[in-house]
Each structure stands twice: as C-alpha cells, then as structure tokens.
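Okay, structure first, notes after.
The values are calculated or read from the model by the stated rules, or taken from the named source; none is laboratory data. Everything quoted here is computed from the prediction, not taken from an experiment. Cβ sites come from the backbone with ideal geometry, for glycine too, and all protein chains shown count toward neighbours.
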Amino acid sequence: MTEILNYFISTPSALYMAIGLLGLCIGSFLNVVIYRTPKMMEQEWHQECQFLLHPEQPIIDQSKLTLSTPASTCPKCKSPIHWYQNIPVLSWLFLKGKCGTCQNPISFRYPFIELLTAACSLIVVAVYGPTLAMLFGLILTWVLIALTFIDFDTQLLPDRFTLPLAALGLGINSFAIYTSANSAIWGYIIGFLCLWVVYYLFKIITGKEGMGYGDFKLLAALGAWMGPLMLPLIVLLSSLVGAIIGIILLKVRKENQPFAFGPYIAIAGWIAFLWGEQIMKIYLGQS
C-alpha cells in the first residue's frame with residue numbers, strides 16, 4: 001500500500017489517470033443508484049403498506065429490486081444490456097446513443113453523469129492531492145452527485161445516504177481530517193437546526209411546507225464534514241443559485257410548482273468543501 005501511495009506521489013499523471021478512470025466507472029454505478037434507489041424505496045413503501053393493511057397475509061415478492069439485481073435491461077424492449085454495452089461513455093458513443101436491439105434513444109444523461117463524476121473526482125485530486133483527505137473527499141463527491149440527481153428527479157433525499165454521510169463526517173473528523181471533532185458535532189447540530197427553524201417559520205407564515213426534512217439532514221451532514229463556520233456560505237450559495245433557478249423555472253413553466261432545493265445545497269456544499277476557506281478570505285478582504 002505504501003509503495004502504491006509513493007508511486008502516485010512521485011507520478012501525478014498516473015494518479016490523475018487512475019482517478020479519472022475510476023470516476024468514469026463510479027459514474028456508471030451512480031447511474032444505477034440514481035435510477036433504482038427511488039424505485040427500491042417505492043417498493044419498500046408498498047410492502048410496508050401491505051403489511052400494515054393486511055398483516056395476516058404474507059408478503060410475497062418474487063421481483064425484489066436491488067442495486068445489483070435484476071440485470072440492467074432496455075426500458076423499452078427489455079433486452080438485456082451486456083457488459084460491453086455498459087462501458088462508461090464509450091458504449092454510448094459506439095451505440096450512437098441508441099439501444100442496440102430496438103434503437104430506442106438512450107438519454108445523454110448517462111454519459112453526462114459518468115463524465116461529471118470523473119471531472120469532479122479529478123478536481124478533488126487537484127485540490128487535496130494523494131492524501132487521506134482526498135479519499136474521503138471522493139466519497140463525499142460521489143454521494144453528493146447521487147443525491148443531486150435523485151432529488152432533482154423525485155424531490156427525495158434518502159436517509160440511506162444522508163444519515164451515513166453524516167455519520168462518516170463525524171467519524172473521520174474524530175481524527176481531525178477536515179475539522180475538529182467538536183466542530184463537526186456543532187456543525188451537524190447547527191446545520192439541522194438552522195433549516196428546521198426556516199422551515200417552521202415559513203410554515204407558520206404561509207401555511208405551506210417550503211422544504212423537506214431531507215434538506216435539513218443533508219445540510220447537517222455537510223456541517224459534520226466541514227464544521228459550523230462553512231454553513232453560512234453553503235446556505236448563501238445554495239439560496240442564490242436556488243433563487244435564480246427558481247425564477248427561471250417560474251418563467252418557463254408559467255405556474256408555481258415546487259422544485260427540489262437539495263441539489264443546490266449539494267452543489268454549494270461541494271464548492272465550500274473545496275474552496276470555502278478561499279471564498280471566505282476573499283469575502284472578508286484577507287489575502
């Protein structure tokens with residue numbers, strides 16, 4: 001392990017190449033996570049409802065969906081997707097963005113997420129270098145990408161991602177990887193409470209729910225990773241981007257529809273994770 005680390009330290013190009021390829025593969029996996037996780041949650045909710053309404057009847061489910069089963073198929077013709085049709089980016093280009101069997105278009109979002117994951121992974125490497133902080137930073141990046149697209153599609157931020165992300169942040173910062181253990185704990189608490197207060201004030205004033213509990217948990221998780229001092233920057237950046245996108249959507253849709261706020265928290269959190277200190281210094285007029 002030490003020899004591998006020393007090799008990457010002495011050969012940065014090899015590190016970038018390895019992380020770039022890894023990012024493409026992780027991006028391919030994230031496509032599965034983004035697509036299947038909401039369906040898995042819906043399946044679990046149906047089973048829970050069935051149990052509550054008819055507890056005397058056994059739950060029989062022969063088609064349980066997981067991240068690994070069943071094998072991926074074309075959503076239109078249901079033909080199986082072979083391994084050579086699942087190579088990140090290259091398969092999409094080779095198939096010209098169409099199913100090899102029925103010629104149904106394959107969304108550009110699949111290679112986009114693969115390329116996005118690779119690009120974001122390389123940026124993390126550029127900022128942190130071959131360190132332990134880089135490894136955990138990659139995990140944070142990948143989880144935030146998954147949460148961004150899941151929330152964008154379904155307006156859901158699954159606890160199965162936000163809660164382990166918070167636990168990991170608290171755990172690694174017990175070794176002061178990004179901030180002190182005490183700061184991580186306060187970041188988690190304040191991150192949850194600040195949006196919780198906004199949520200209830202908005203609900204009292206308007207009688208409507210302005211955001212979901214998943215948003216609180218995501219900001220709390222980011223607080224656990226970075227501490228409370230980064231939370232104002234994350235809230236400010238996410239609010240600015242969310243407001244701009246919200247105005248654009250309002251103009252395009254011509255009606256007032258709810259939109260996910262989690263993606264903007266995730267994007268702002270990632271920016272703060274990489275460049276938060278520099279942004280704060282510029283804002284405060286420090287060199």
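Six or more apart or on different chains, Cβ under 8 Å: which pairs go from a residue in the stretch 207-230 that's under 14 Å from Ile189 (Cβ atoms) to one that's assigned to a helix (DSSP H, G or I) and of a type in the set (Asp, Glu)? Could you list them?
Within 8 Å, the pairs are Lys217/Asp159.
Could you tell me which numbered condition Asn31 fails, if it satisfies all but one of (1) surrounded by 13 or more Cβ atoms within 10 Å (Cβ to Cβ); (2) free of Cβ contacts under 8 Å to residues at least 60 places away in the same chain?
Condition not satisfied by Asn31: (2).
Can you tell me which of (1) at pLDDT below 95; (2) part of a helix (DSSP H, G or I); (3) in contact with a helix residue (DSSP H, G or I) (Cβ under 8 Å, 6 or more places away or on another chain) is the one Ile19 doesn't meet?
(1)
Filter the stretch 1-28 for residues that are exposed (fewer than 14 other Cβ atoms within 10 Å of the Cβ) and of a type in the set (S, T, N, Q) and give the result.
Thr2, Asn6, Ser10, Thr11, Ser13
Looking at the stretch 104-123, I want the residues that are closer than 16 Å to Asn86 by Cβ and have a partner that is surrounded by fewer than 18 Cβ atoms within 10 Å (Cβ to Cβ) and of a type in the set (A, V, I, L, M, F, W, C) with Cβ atoms under 6 Å, at least 6 apart or on another chain. Which pairs are those?
Partner pairs satisfying both residue conditions: Pro111/Val89; Glu114/Val89.
Among what's in the stretch 145-191 and is modelled with pLDDT of 95 or more and among the polar types (S, T, N, Q), pick the residue that is nearest to Cys25 (Cα to Cα).
Result: Thr148.
Only one of (1) surrounded by fewer than 16 Cβ atoms within 10 Å (Cβ to Cβ); (2) within 18 Å of the chain's Cα centre (by Cα) is not met by Val127, so which one is it?
Unmet for Val127, out of (1) surrounded by fewer than 16 Cβ atoms within 10 Å (Cβ to Cβ); (2) within 18 Å of the chain's Cα centre (by Cα): (2).
Scan the stretch 183-190 and give yes if some residue there is among the polar types (S, T, N, Q), closer than 26 Å to Glu44 by Cα and in a helix (DSSP H, G or I), otherwise no.
Looking only at the stretch 183-190, we keep the residues that are among the polar types (S, T, N, Q), and these are 183.
Within this subset, residues satisfying the condition of being closer than 26 Å to Glu44 by Cα are none.
No, every residue in the stretch 183-190 fails to be among the polar types (S, T, N, Q), closer than 26 Å to Glu44 by Cα and in a helix (DSSP H, G or I).
State all residues of the stretch 168-182 that are in a helix (DSSP H, G or I), of a type outside the set (A, V, I, L, M) and surrounded by fewer than 17 Cβ atoms within 10 Å (Cβ to Cβ); if no residue qualifies, say none.
Step one: of the stretch 168-182, the residues in a helix (DSSP H, G or I) are 168-175, 181-182.
Now drop any that are not of a type outside the set (A, V, I, L, M), which leaves 169, 171, 173-175, 182.
Within the stretch 168-182, Gly171, Ser174, Phe175, Asn182 meet the criteria.
Taking the residues in the stretch 79-92 that are surrounded by fewer than 15 Cβ atoms within 10 Å (Cβ to Cβ) and either among the acidic types (Asp, Glu) or in contact with a strand residue (DSSP E or B) (Cβ under 8 Å, 6 or more places away or on another chain) (or both) as candidates, determine which candidate is farthest from Thr37 (Cα to Cα).
Here the residue is Ser79.
Find the residue count for the stretch 205-238, including only residues that are among the basic types (Lys, Arg) and in a helix (DSSP H, G or I).
We begin by selecting, within the stretch 205-238, every residue among the basic types (Lys, Arg); these are 208, 217.
Now drop any that are not in a helix (DSSP H, G or I), which leaves 217.
Qualifying residue count, the stretch 205-238: 1.
Only one of Gln50, Gln62, Gln43, Gln57 is modelled with pLDDT of 75 or more and out of contact with any strand residue (DSSP E or B) (no Cβ under 8 Å at 6 or more places or on another chain). Can you tell me which?
Details: Gln50 fails: modelled with pLDDT of 75 or more; Gln62 fails: modelled with pLDDT of 75 or more; Gln57 fails: modelled with pLDDT of 75 or more.
Among Gln50, Gln62, Gln43, Gln57, only Gln43 is modelled with pLDDT of 75 or more and out of contact with any strand residue (DSSP E or B) (no Cβ under 8 Å at 6 or more places or on another chain).
What helices (runs of 4 or more DSSP H) completely inside the stretch 84-163 contain at least 2 residues that are among the hydrophobic types (A, V, I, L, M, F, W, C) and under 30 Å from Phe216 (Cα atoms)? So that I can check it myself, show each step before the final result.
Working: elements: 90-94, 109-128, 132-154.
Result: 109-128, 132-154.
Can you tell me which residue among Lys96, Lys76 is among the basic types (Lys, Arg), at positive phi and surrounded by fewer than 16 Cβ atoms within 10 Å (Cβ to Cβ)? Quick ask: steps written out before the conclusion?
On the way: Lys76 fails: at positive phi.
When all the criteria are applied, what remains is Lys96.
Being crowded, with 22+ Cβ neighbours inside 10 Å, of a type in the set (A, V, I, L, M, F, W, C), more than 21 Å from Phe259 (Cβ to Cβ) and under 21 Å from the mean Cα position of the chain (by Cα) narrows it down to one residue among Leu222, Leu231, Leu218; which is it? Steps first, answer last, please.
Details: Leu222 fails: more than 21 Å from Phe259 (Cβ to Cβ); Leu218 fails: more than 21 Å from Phe259 (Cβ to Cβ).
The unique qualifying residue is Leu231.
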